[in-house]
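The values are calculated or read from the model by the stated rules, or taken from the named source; none is laboratory data. Quick caveat, the model's predicted, so the values are computed rather than measured. With ideal geometry, Cβ positions are generated from the backbone for all residues, glycine too; neighbour counts draw on all protein chains shown.
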Amino acid sequence: MKKQIPYTYDALKNEINEFRQKFPGLKVSSIGRSVWGKELFCIQLGSGKTKILYNGAHHGMEWITSALLMQFVGAYLDAEQSGKSLSGFNVAALSKRATLFVVPMLNPDGVRLSALGLPANLDFATKQRLLRQNGSADFEKWQANANGVDLNHNYDAMWQRSKEMETEYGIYSPGPTRFSGPHAESEPESRALADFTRDNKIDLAIAFHSQGKVIYHGFLGKEPGNSLKIAKAFTRISPYQLDNTDGIASYGGYKDWFVDKMDRPGYTVEVGVGQNPLPFSDLPKIYAETLPILLGAMTVA
Ligand SMILES: [Zn+2]
């Protein structure tokens, strides 16, 4: 018996449809498809010169980040439509200044596995493979995509180092977490996000994960000069603190790749605190904590 209602791909699709009805002209696209053919939705807010990207749910059991980003999108659109401010920010001015792309759920298959377990319609071989890779029929702690590749270890940022470090963690094959894949950007989800980021020349990116109430910035000192300044600004307007990644978490991540290859400020924000998957009931608190960052980032880049 689950203690909570997870935020699934179907919940996301329903909420996007509600927003489409409520806010005619809303720009929703898909940047690609997951291994199991699910759309990787992207919602556009604003139309300004500075290009910003937020993404959620690289990891299956971190679906609360998808719910968080959608709550933000809804509040932003409400404020824009009514001409009101949001948490002291003039939304109309933000929309003129920046274009924000929100990819709320990069890993819908992983979310599916964590939230609801194996899909009933899977073919026998795939089912057996996933059971073997997971080592159990309980998929609640599943982080990877449907191939058993951890998407946040699959980017071209010292990827080989991430690969080498797998054995230190006892990882030799695809599974629920930390397997980097056969090569960088081998997965349709990570490839789609990297392509979208490159094509749109994103100026600032934040990847939302759970949990820890911390912000990671930079990558091996390769970050641009304004990276730390912006990170420090985030810690002044939110209760989240700066932290440094170490070990395997330092390589092959989206933020790492963004800093390394795009040479622009990129961040990982670990929302909330507790055991993943965080319960849905934590969302109001997480939203209140991160709203200043979600809005503030649109003013700094
Ligand atoms: Zn994560």
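Worth a mention:
- Conditions (1) touching a residue at least 12 places away in the same chain (Cβ under 8 Å); (2) of a type outside the set (Lys, Arg); (3) under 24 Å from Tyr254 (Cα atoms): number failed by Phe23: (3)
- Hits in the stretch 26-58 - residues which are touching a residue at least 40 places away in the same chain (Cβ under 8 Å) and assigned to a loop (DSSP other than H, G, I, E, B): Leu26, Ser34, Val35, Trp36, Lys38, Gly46, Ser47, Gly48, Lys49, Ala57, His58
- Residue match in the stretch 220-233 (condition: under 22 Å from His153 (Cβ atoms), within 15 Å of the ligand (Cβ to nearest atom) and in a loop (DSSP other than H, G, I, E, B)): no
- Unique residue being of a type in the set (Asp, Glu) and touching a residue at least 24 places away in the same chain (Cβ under 8 Å) when the list is Glu185, Glu164: Glu185
- When the residues of the stretch 16-50 are filtered to those that are among the basic types (Lys, Arg) and either closer than 28 Å to Glu140 by Cα or touching a Lys or Arg at 6+ places or on another chain (Cβ under 6 Å) (or both), the one that is farthest from the ligand (Cβ to nearest atom) is Arg33.
- Scope the stretch 188-219; condition among the polar types (S, T, N, Q) and part of a helix (DSSP H, G or I); matching residues: Ser190, Thr197
- Residue satisfying all of: in the stretch 241-292; charged (D, E, K, R) and outside any helix (DSSP H, G or I); modelled with the lowest pLDDT among these: Asp246
- Test: residue in the stretch 212-219 that is touching a residue at least 60 places away in the same chain (Cβ under 8 Å), touching an Asp or Glu at 6+ places or on another chain (Cβ under 8 Å) and farther than 22 Å from Gln71 by Cβ: yes
- Top-ranked residue in the stretch 95-113 [being among the hydrophobic types (A, V, I, L, M, F, W, C) and touching a Phe, Trp or Tyr at 6+ places or on another chain (Cβ under 8 Å); ranked as farthest from Ser34 (Cα to Cα)]: Leu100
- Number of the condition not met by Asp263 [criteria: (1) of a type in the set (Asp, Glu); (2) in contact with a strand residue (DSSP E or B) (Cβ under 9 Å, 6 or more places away or on another chain); (3) surrounded by fewer than 22 Cβ atoms within 10 Å (Cβ to Cβ)]: (2)
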